[in-house]
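Beneath this line is the structure, given in structure tokens, with notes to follow.
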Amino acid sequence: MATRLTITADRREDGASVVTAAGEIDLTNIDAFAAALEEACGQRDGATVTVDLSGVEYLDSGGINVLFAHANDIHLMANPILMPVLKISGLTDVASVESAGPRGD
């Protein structure tokens, strides 16, 4: 059974793409997350895609790998509880990453 995850993809008024995920990203739903990012990045017209993970409580290595695959194309807003793993993985060194809350490390 798939882990709870909701994903939405929208365009802001300025045309920028935003992918928002909430729940947990793991092996059971990584394909849906990867497909949403692939589609948004494929339609980005040179603009950075905002990936809002402020509602994600768990991110496994598969999710981190998907983010690495799009590191040059995304601006990541992460739940503060994810910041340590994003730093340890090195994602913060290759992608634009910021904490979406006051506890940002």
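The values are calculated or read from the model by the stated rules, or taken from the named source; none is laboratory data. Note that the coordinates shown come from a computational prediction; the quantities given were computed from them, not determined experimentally. We place every Cβ from the backbone using ideal geometry, glycine too, and count neighbours over all the protein chains shown.
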*Just one of ARG44, ARG11 is surrounded by 15 or more Cβ atoms within 10 Å (Cβ to Cβ), charged (D, E, K, R) and either modelled with pLDDT of 95 or more or in contact with a Ser or Thr (Cβ under 8 Å, 6 or more places away or on another chain) (or both); which is it?*
ARG44
_Spans of strands (runs of 3 or more DSSP E) in the range 17-105 with at least 2 residues aliphatic (A, V, I, L, M) and within 19 Å of THR6 (Cα to Cα)_ = 17-25, 49-59, 74-78
*Among the residues of the range 71-99, count how many are surrounded by 14 or more Cβ atoms within 10 Å (Cβ to Cβ) and farther than 15 Å from LEU37 by Cβ.*
10
*From the list ARG4, ARG44, ARG11, which residue is without any contact (Cβ under 8 Å) to a residue 12 or more places away in the chain and more than 12 Å from the chain's Cα centre (by Cα)?*
ARG11
*Scan the range 56-70 residue by residue and report those that are surrounded by fewer than 17 Cβ atoms within 10 Å (Cβ to Cβ) and either modelled with pLDDT under 95 or of a type in the set (A, V, I, L, M) (or both).*
ALA69
*Could we say that LEU86 is in contact (Cβ under 8 Å) with a residue 12 or more places away in the chain, in contact with a helix residue (DSSP H, G or I) (Cβ under 7 Å, 6 or more places away or on another chain) and among the hydrophobic types (A, V, I, L, M, F, W, C) here?*
yes
